[in-house]
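Quick notes on the structure that follows.
The values are calculated or read from the model by the stated rules, or taken from the named source; none is laboratory data. These figures come from a predicted structure and were not determined experimentally. In this analysis, Cβ positions are derived from the backbone assuming ideal geometry, glycine residues included, and neighbour counts consider all displayed protein chains. Just so you know, the surface numbers come from the protein's heavy atoms only, side chains and all, with ligands and any DNA or RNA stripped out. Shrake-Rupley method; radii C 1.70, N 1.55, O 1.52, S 1.80 Å.
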Amino acid sequence: MTGDRAGDYRILHEADLRAYLAGLPDLKRLLGGEPAAWAITEVGDGNLNLVFIVKGAGGGIAVKQALPYVRLVGESWPLPLSRAHYEYLALSRQAQLAPGLVPAVLHHNEALALTVMELLEPHIIMRKGLVAATRYPRFVDDITTFMARTLFFTSDFALSAAEKKEAIAAFAGNHALCKITEDLIFTDPYRIAEQNRWTAPYLDGLAASLRDDMELHVAVSRLKLKFMASPEALIHGDLHTGSIMVTESETRVIDPEFAFYGPMGFDVGAVLANLLMAYFASAGHERAPGERAAFEAWVLETVEQVWNQFARKFLELWRAGAAGDAYPVSLFAGEQGAARLEAERQSYIQRLFADTVGFAAAKIIRRIFGLAHNIDFELIEDPRTRAVSEARAVRLARAMIVETGAFSAIADVTGAARKLRDWMPELSG
Ligand code: SR1
Ligand code: MG
């Protein structure tokens, strides 16, 4: 890590970046050849940052630089550069806990809010693969290992009380990114907000009904409080399928700039929500009826396996004997203690499942009525067809938030999704 002098920040354009990298011997060697011959392309298609791919005769790298504002909106929405620091911190921790599942960091400059990482090639953003109906055989095992290990080993099950509080403090300054989530996910879709948008006019009625739905407002406010006030573990904080890069044989989790100590169900829910959106969007991408049926079946199977394998791996880590201060072994001695502790583990995981279901639903609704949408739905060209897919997803999401108790197992979620596959909503307009 270099360059921590405040005031040294500047937005790096191509020539500047070339000169900067040429001054770093290790990276210069990795890229190979003359700096003037390096190919530099800005490829960032996310909502916040610049991302450059740099390729030389010897190899390539990815360079991410935080902008002092939200890229999607522009300079009118300032955003602290410190998010690059938290991303670096989270990536370093995740690399220790889930080796091989995050990109390797090659260089970090605090003052420039810049991180250089290994170039992930031929990996693609998973969301793009899902739109193309590609199946990823490694995904379930990798993502559940990533979540189980990063969540378990940063929680009170694995840390002493002092370590945990220090760790919470290390990420507490990332509150501007948390505030984005608090507003865009848990608040704005349920009120009139300038940045909201939806597939109009077809979803006008549904958007209005969300604003009047007091049961929904109560339920989503409970989730918001849980997000704000439950520092259970170091969460990625934005674990959608745009933050995951894949090939058929590899998975890498990227972009943890929203990381902080929050509720575990927020990460698990993000993965499930984005798979469910891929499922509902799929009907809108088919050119002939049924042509994506095998892909859709795989998506729902994946939803079930993600939850089941995550829960199994998390419980295995707990049973293996955790060193943290929660649930002291001395209080659960003998056969009776062991049985009672196991019952407690089961009820803990059941509560985590309920959180997961609620957070997943909130994440679906925000992508349909809030500021930031996703290509799963956006690439459905015909707006009426898109609105039909979106309305199906919203119907499931509302039930998942308001009637969370009706979803006691993951098969309840996939069963409800399957029933809505061909449901025809009443649209406005
Ligand atoms: C203003 S940022 C909008 C969204 O982009 C990120 O990926 C997060 O999901 C955030 O909510
Ligand atoms: Mg991102």
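Search segment 364-377 for residues that are more than 15 Å from residue 188 (Cβ to Cβ) and pair each with any residue that is aliphatic (A, V, I, L, M) and within 14 Å of ligand 2 (Cβ to nearest atom) when their beta-carbon atoms are under 6 Å apart and the residues are at least 6 apart or on different chains.
From segment 364-377, no pairs qualify.
Determine if segment 109-122 includes at least one residue that is in contact with a helix residue (DSSP H, G or I) (Cβ under 7 Å, 6 or more places away or on another chain), among the hydroxyl-bearing types (Ser, Thr, Tyr), under 19 Å from residue 235 (Cβ atoms) and modelled with pLDDT of 95 or more.
No: segment 109-122 contains no residue that is in contact with a helix residue (DSSP H, G or I) (Cβ under 7 Å, 6 or more places away or on another chain), among the hydroxyl-bearing types (Ser, Thr, Tyr), under 19 Å from residue 235 (Cβ atoms) and modelled with pLDDT of 95 or more.
Which condition number does residue 65 fail, the rest of (1) open to solvent by 50 Å² or more (accessible area, probe 1.4 Å); (2) within 16 Å of ligand 2 (Cβ to nearest atom); (3) under 14 Å from residue 112 (Cα atoms) being met?
Residue 65 satisfies every listed condition except (1).
Six or more apart or on different chains, Cβ under 8 Å: which pairs go from a residue in segment 298-315 that's touching a residue at least 40 places away in the same chain (Cβ under 8 Å) to one that's among the acidic types (Asp, Glu) and assigned to a helix (DSSP H, G or I)? Could you list them?
Qualifying pairs under 8 Å: 309/141.
Only one of these is out of contact with any Ser or Thr (no Cβ under 7 Å at 6 or more places or on another chain) and either outside any helix (DSSP H, G or I) or within 16 Å of ligand 2 (Cβ to nearest atom) (or both): 270, 219, 294. Name it.
The conditions single out 270.
Looking only at residues that are without any contact (Cβ under 8 Å) to a residue 40 or more places away in the chain and not assigned by TED's automatic domain parsing to the domain that holds residue 269 in segment 94-145, which one is nearest to residue 259 (Cα to Cα)?
95
Which one of these is surrounded by fewer than 16 Cβ atoms within 10 Å (Cβ to Cβ), of a type in the set (Gly, Ala, Ser), within 30 Å of residue 326 (Cα to Cα) and touching a residue at least 12 places away in the same chain (Cβ under 8 Å): 90, 172, 148?
172
The rows are residues; the columns are (1) in a helix (DSSP H, G or I); (2) acidic (Asp, Glu).
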| position | (1), (2) |
| --- | --- |
| 313 | yes, no |
| 346 | yes, no |
| 359 | yes, no |
| 364 | yes, no |
| 371 | no, no |
| 381 | no, yes |
| 384 | yes, no |
| 390 | yes, yes |
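Answer with yes or no whether residue 103 is modelled with pLDDT of 95 or more, open to solvent by 50 Å² or more (accessible area, probe 1.4 Å) and not acidic (Asp, Glu). Spell out how you get there, then give the answer.
Working: modelled with pLDDT of 95 or more: yes; open to solvent by 50 Å² or more (accessible area, probe 1.4 Å): no; not acidic (Asp, Glu): yes.
When the stated conditions are applied, residue 103 does not pass them.
So which of 201, 256 is open to solvent by 50 Å² or more (accessible area, probe 1.4 Å), at pLDDT 95 or above and assigned to a loop (DSSP other than H, G, I, E, B)? Please lay out each step first, then the result.
Values: 256 fails: open to solvent by 50 Å² or more (accessible area, probe 1.4 Å).
So the residue among 201, 256 that is open to solvent by 50 Å² or more (accessible area, probe 1.4 Å), at pLDDT 95 or above and assigned to a loop (DSSP other than H, G, I, E, B) is 201.
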